[in-house]
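Down below is the structure, laid out as structure tokens.
The values are calculated or read from the model by the stated rules, or taken from the named source; none is laboratory data. It should be emphasised that the depicted structure is a prediction, and the values quoted were computed from it without experimental measurement. Neighbour counts run over all protein chains shown; Cβ positions are idealised from the backbone, glycine included. The accessibility values were calculated without ligands, DNA or RNA, using every heavy atom of the protein model including side chains. Shrake-Rupley method; radii C 1.70, N 1.55, O 1.52, S 1.80 Å.
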Amino acid sequence: MAELATIARPYAEALYKASAGNAQATADWLEPLAQVAGSAPLQQFAASPKVSSQQVFDLIAGMVPGGLPQAGQNFLHAVIDNGRLAALPEVATQFRALQNAASGAADAVLFSAFPIEGAALGEVQAALERRFGRKLTTRVELDPSLIGGIRAVVGDEVLDTSVKARLEQMKAALTA
């Protein structure tokens, strides 16, 4: 079977072109749709030969918070009818990449031992935007193993200022 990224690319590009000028509205329904479609039990349900494509559609559309607009329903029908439901999370990832490329932005994942919210998140985001030289869309994930500090992942770049990383650097220096 072809790699999911290869399967997802034409769907993401077509969806991006179809959303011309209002990519954010499309992203607002595509992200939750991809989360729902990416669940393993749902994938297993959809793969069953006893289940019709309309049943799969009804289940997924019913689970998306806020419902799907007509464009989202049409897109979901196309994905299900072509047997590409497993590629939907990758479609959302590639759509976001196209959206970011057009706006000069990037996605950033901040790993922190403790929750970062409000003003503190704004300060961290501003510092990272200066460091990486582009606008960032940040998402915070908790990782208690970091002990303190943060680890920022922007594309293929990583900035690790966590206590865990510093302890590992000191360990390497002491054992060298």
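Count the net charge of all other residues whose Cβ sits under 12 Å from the Cβ of Arg139, scoring Lys and Arg as +1 and Asp and Glu as -1.
After counting each charged neighbour, the total is -2.
Would you work out the charge dipole size for segment 1-100 about its Cα centre, treating the Cβ of every Lys and Arg as +1 and the Cβ of every Asp and Glu as -1, and quote it to the nearest 20 debye?
On the way: 5 positive and 7 negative charges, 16 e Å.
So the dipole magnitude of segment 1-100 works out to roughly 80 debye.
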**Asked** What is the set of long-range amide H partners of Ala108 at a cut-off below 5 Å, with H atoms built 1.01 Å from backbone N?
**Response** Thr137, Thr138, Arg139
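Please list Phe95, Phe114 in order of solvent-accessible area, largest first, computed with a 1.4 Å probe with all protein chains present. Write out the running numbers ahead of the final one.
Working: Phe95 0, Phe114 130 Å².
My answer, sorted largest first, is Phe114, Phe95.
Around Glu168, under 15 Å between beta carbons, what's the net of Lys plus Arg minus Asp minus Glu among the other residues? Please report the intermediate quantities before stating the final value.
Working: positive: Arg151, Lys164, Arg166, Lys171; negative: Asp143, Asp160.
Residues close to Glu168 contribute a combined charge of +2.
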**Message:** Output wanted: per-residue J couplings in Hz (rounded whole) for segment 136-148, from phi through Karplus 6.51 cos²θ - 1.76 cosθ + 1.60, θ = phi - 60°, x for Gly and Pro.
**Reply:** 10, 9, 9, 9, 9, 10, 7, 9, x, 5, 6, 6, x
**Item:** Correct choice for semi-axes √(5λ) of the Cα gyration tensor in Å that was computed from the model, options (1) 70, 28, 18; (2) 21, 17, 17; (3) 36, 20, 15
**Value:** (3)
**Item:** Apportionment of accessible area to carbon and sulfur, segment 1-100, percent (1.4 Å)
**Value:** 55 percent
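Rounded to the nearest 0.05, what FRET efficiency do Asp143 and Lys50 have when you use their Cβ-Cβ distance and R0 = 45 Å?
Working: r = 41 Å, r/R0 = 0.90.
Efficiency, from the Cβ-Cβ distance: 0.65.
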**Prompt:** Using unit Cβ charges (K, R positive; D, E negative) and no other charged atoms, how large, in debye to the nearest 20, is the dipole of the chain about its Cα centre?
**Reply:** 200 debye
